[in-house]
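Comments concern the structure below.
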Amino acid sequence: MDFAYDARTEELRERLLGFMDEHVHPAEPVAEEQRAAQDSLWATVPVQEELKATARKLGLWNLFLPDTEYGAGLSNLQYAPLAEITGRSPQLAPTALNCAAPDTGNMELLAQFGSAEQKKRWLEPLLAGEIRSAFAMTEPEVASSDATNIATRIRREGDQYVISGRKWYISGAMHPDCEIFIVMGKTDPDGEDVRRQQSMVLVPRATPGVEVRRAMSVYGYEDHYHGGHAEVVFDDVRVPVANLVGEEGGGFAIAQARLGPGRIHHCMRLIGMAERAIELMCRRALDRTAFGKPLARQGVVHEWIADARVQVEQLRLLVLKTAWLMDTVGNRGAHTEIQAIKIATPRAVVRIIDDAVQLHGAGGVSQDFPLAHLWASARTLRLADGPDEVHQRSLARRELRRYGA
């Protein structure tokens, strides 16, 4: 295993680091000012559009998509250190590069499973950053950690599908540019194979019966820059049969194919969030004095900083190994490692950010530093794309099978 960055990765890292220092970090307070001044809570702030235009000029666009027909053609191992850098400013940087969830997963899904017509109608404008999208899977009335529980129904009537159900925490759905939902529901609720009951269909936002009911907050944050998280009701929504993604009964498999890369992308960005927290922690420790000496000379602060550095280096190696395996043996061959990083990374990063909050005192929980929002984002990722316990259950069962009779 060779995790050294190749020449292309190094060149893109240097370009991206310059973009972050010169454009993204200075734009963070500007974006907050613009958001507070505009009428719409959800509209893109002007500085965000400026960042997108600059990123395109610099060739920092659609880096996440390995398909050379649509994206930059980077491997997971090449993309990992770039995603980490964007994690230092998770509200602005991923969107600036057109590398923000849920659009990334939706573009990967359409590139892999979409028909030629679906790609033309939805994938191309998503790749161009002209529209946004949402992935409607999680539901409030069932335990969505088990995807076979999904209650939304998709029934066929002639040349149409009729969708009925209620979803929530549908990321991006509050954004005014969100024009398409990828909706997962059951086309065969009584089928013998519970993993073949689900299908996915494309539902344009303007379709009659689609109601974006309310915004859902995350630890009090509404994630304006990502288009929020919404409760969405589908009340006998009718779409053409041609809006089916893949085949009937293929929804569960498509969801797993979509979520695999998404999990590693989240973990890559989480490492960047941890690096931002460590930087802020060190700067604060050197700047503040308590009980007659700088915080940087307090023993407990040494422990926080040292433990954080060790954890980040361990996590980075595990993420890079996972990316390498995904490139060499595929997502299925990297299943154990994907689950391992999804368990380990959010847990560790939450602790690192929490220590940084503690070091900042009242400032750590305030809006004057990014730490509170970083903490909320990292903590949420212990639930998103499958909670810790689901991944632990699956990983443990696989480990036990190695020693079974």
Quiz prompt | Three-way shape call for region 164-256 based on the alpha-carbon gyration tensor, with the a/c threshold at 1.5 | solution = prolate
Quiz item: Can you give the charge dipole size of the chain about its Cα centre, rounded to the nearest 20 debye, using +1 on the beta carbon of Lys and Arg and -1 on the beta carbon of Asp and Glu?
Solution: 860
Exercise. May I ask for the distance between the Cα centers of region 327-376 and region 80-126, given as a whole number of Å?
Key: 21
Self-check item: Separation between Cα centres of region 9-63 and region 293-320, rounded to whole Å
Solution: 29
Practice problem: Label region 68-225 by shape, choosing from rounded, prolate and oblate, from the square roots a ≥ b ≥ c of the eigenvalues of the Cα gyration tensor; if a/c is under 1.5 it is rounded, and otherwise prolate applies when a/b is larger than b/c, oblate when it is not. | Solution: prolate
Exercise. Taking the Cβ of Leu58 as the centre, find all other residues whose Cβ is under 12 Å away and add up their charges (Lys, Arg: +1; Asp, Glu: -1).
Key: +1
Quiz prompt | Fewest-first ranking of Tyr225, Tyr70, using other Cβ atoms within 10 Å as the exposure measure | solution = Tyr70, Tyr225
Exercise. In a Gaussian network model over the chain where Cα atoms closer than 10 Å are linked, find which of Gly87, Gly364, Gly292 has the largest mean-square fluctuation.
Key: Gly292
Quiz prompt | Nearest-ten-degree value, helix 76-86 long axis tilted from longest Cα axis of the chain | solution = 60
Quiz item: Using unit Cβ charges (K, R positive; D, E negative) and no other charged atoms, how large, in debye to the nearest 20, is the dipole of region 252-401 about its Cα centre?
Solution: 280
Exercise. Would you mind ranking Glu303, Glu248 by Cβ crowding within 10 Å, fewest neighbours first?
Key: Glu303, Glu248
Quiz item: Which whole-Hz couplings ³J(HN,Hα) result when phi for each residue of region 108-116 is put into the Karplus expression 6.51 cos²θ - 1.76 cosθ + 1.60, θ = phi - 60°, listed in order with x for Gly and Pro?
Solution: 4, 4, 5, 5, 8, 10, x, 6, 4
Quiz item: Using alpha carbons only, how many degrees (0 to 90, rounded to 10) separate the axis of helix 335-360 from the longest principal axis of the chain?
Solution: 40
Quiz item: Which listed residue (Leu123, Ala72, Ala7) has the Cα farthest towards the positive end of the charge dipole for the chain, taking +1 on Lys and Arg C-beta and -1 on Asp and Glu C-beta about the Cα centre?
Solution: Ala7
Quiz prompt | Length gained when the stretch Ala116-Glu303 is fully extended (0.36 nm per residue, less Cα-Cα span) | solution = 61.8 nm
Self-check item: Per-peptide average of other Cβ atoms within 10 Å, ordering 262-268, 205-211, 150-156 highest first
Solution: 262-268, 150-156, 205-211
Exercise. Would you work out if region 252-401 is rounded, prolate or oblate? Take a ≥ b ≥ c from the square roots of the eigenvalues of the alpha-carbon gyration tensor; rounded if a/c is under 1.5, else prolate when a/b is larger than b/c, oblate otherwise.
Key: prolate
Quiz item: What list do you get for Arg382, Arg195, Arg402 if you sort them by fewest beta carbons within 10 Å?
Solution: Arg402, Arg195, Arg382
Quiz item: Using alpha-carbon positions, what is the distance between the centroids of region 185-262 and region 141-161, in Å?
Solution: 9
Quiz item: At what distance in nm do the modelled label points of Ala151 and Arg401 sit from each other, each positioned 7 Å from its Cα along Cα→Cβ?
Solution: 3.2
Practice problem: Mind pulling the angle between the C-alpha long axis of helix 25-37 and the longest principal axis of the chain? Nearest 10 degrees, somewhere in 0 to 90. | Solution: 60
Practice problem: First select every other residue whose beta carbon is under 15 angstrom from the beta carbon of His373; then total the charges, Lys and Arg +1, Asp and Glu -1. | Solution: -1
Exercise. State to the nearest 20 debye the size of the charge dipole of region 103-194 about its Cα centre, where the only charges are +1 on K and R beta carbons and -1 on D and E beta carbons.
Key: 200
Practice problem: Set Lys and Arg Cβ to +1 and Asp and Glu Cβ to -1, take the dipole of the chain about its Cα centre, and tell me which of Met137, Val349, Gln392 lies farthest positive. | Solution: Gln392
Exercise. Measure up Lys293/Lys342; Lys119/Lys186; Lys57/Lys342; Lys57/Lys119 against 30 Å on the Cα-Cα distance and list the ones that go over.
Key: Lys293/Lys342; Lys57/Lys342
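Throughout, read-outs are computed from the coordinates displayed, never taken from laboratory work. Since the structure is predicted, the reported quantities are computational estimates derived from the model, not experimental observations. Using ideal geometry, Cβ is built from the backbone for each residue, glycine included, and neighbour counts are taken over all protein chains shown.
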